[in-house]
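These notes concern the structure reproduced below.
The values are calculated or read from the model by the stated rules, or taken from the named source; none is laboratory data. If you're wondering where the values come from, they're calculated on a predicted model, not measured in any experiment. We place every Cβ from the backbone using ideal geometry, glycine too, and count neighbours over all the protein chains shown. Ligands, DNA and RNA are excluded from the accessible area calculation, which covers all protein heavy atoms including side chains. Shrake-Rupley method; radii C 1.70, N 1.55, O 1.52, S 1.80 Å.
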Amino acid sequence: MRVRLVEHEFLDNPRMSLAVEEAIFRLMLLGKSPPTLWFWRHRNAVIIGKFQIAEEEVNMDVVQQYNVQIAKRDTGGGAVYQDLGNLIYSVIIPDIYGVSNDVIRMYEAMIKPVLLAFKMLGIRAESPGLNDVEINDRKVLGSAAGLREGFVLFHATMLISSNLDMLARVLKVPKTKLQDKGITQVSHRLVMSMT
């Protein structure tokens, strides 16, 4: 399968990024877009999942103080802080794996190449949950996806050298979620830097 590579960024406009991603997906459904791999970033943004409410997921005072942009994506999952220390990528393809009716298989198919890439770099990474990748029990990648009419939209945010202090200030992570992981602060759950 031939895939178009897109490297355009809307650094200060996460809503535009998500609109373009959705437009590519919809055009693919109509047969008017080729399979696409898109690498992009945002300068200072929080992206919340389709079913989330910004005020419940984000410290609004911090967002206003630091001019953090908020946008809502059309896929589920949790809130993600994004800055220039992240790599965001989207994979928008026909369902070549035959997984459009099986979310677990879809995530396995999309996460497996990431795990293999880390292995090739000599890094032991694993995916203990459905849509995350961890190194030494610390999260380095979170992802979400949409399945429609035999097509897959998969997107992921990979921490490379993000400002984890800002991430911890901006996002409201429920204490129960942290306790489930045996930690007290969100920054303890994330890898400090991959550079």
Worksheet item: Restricted to segment 137-162, and to residues that are surrounded by fewer than 21 Cβ atoms within 10 Å (Cβ to Cβ) and in contact with a Lys or Arg (Cβ under 8 Å, 6 or more places away or on another chain), which residue is nearest to His42 (Cα to Cα)?
Response: Lys139
Worksheet entry | Contacts under 9 angstrom Cβ, first residue in segment 21-43 being at positive phi, partner outside any helix (DSSP H, G or I), 6 or more apart | none
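When you look at Gly49, is it under 16 Å from the mean Cα position of the chain (by Cα) and at pLDDT below 95, yes or no? Break it down into steps so the answer makes sense when it comes.
Numbers: under 16 Å from the mean Cα position of the chain (by Cα): yes; at pLDDT below 95: no.
Here the answer is no, as Gly49 does not meet what is asked.
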Worksheet item: Which of the residues spanning segment 14-65 are open to solvent by less than 10 Å² (accessible area, probe 1.4 Å), out of contact with any helix residue (DSSP H, G or I) (no Cβ under 6 Å at 6 or more places or on another chain) and part of a loop (DSSP other than H, G, I, E, B)?
Response: Gly49
Item to complete: Can you run down the residue pairs with Cβ atoms below 6 Å, 6 or more apart or on separate chains, where the first is in segment 111-137 and within 23 Å of Val99 (Cα to Cα) and the partner is hydroxyl-bearing (Ser, Thr, Tyr)?
Response: Ile111/Ser127; Leu130/Tyr107; Asn131/Tyr107; Asn131/Ser143; Val133/Ser127
Worksheet item: Of the numbered conditions (1) over 16 Å from Gly150 (Cα atoms); (2) of a type outside the set (Ser, Thr, Tyr); (3) in contact (Cβ under 8 Å) with a residue 40 or more places away in the chain; (4) out of contact with any strand residue (DSSP E or B) (no Cβ under 7 Å at 6 or more places or on another chain), Ile96 satisfies every one except a single condition; which is it?
Response: (1)
Item to complete: Determine if segment 179-186 includes at least one residue that is touching a strand residue (DSSP E or B) at 6+ places or on another chain (Cβ under 8 Å), closer than 22 Å to Gln69 by Cβ and modelled with pLDDT under 95.
Response: yes
Item to complete: Name the single residue, out of those in segment 117-134 being in contact with a helix residue (DSSP H, G or I) (Cβ under 8 Å, 6 or more places away or on another chain) and modelled with pLDDT of 95 or more, that is most open to solvent (accessible area, probe 1.4 Å).
Response: Arg124
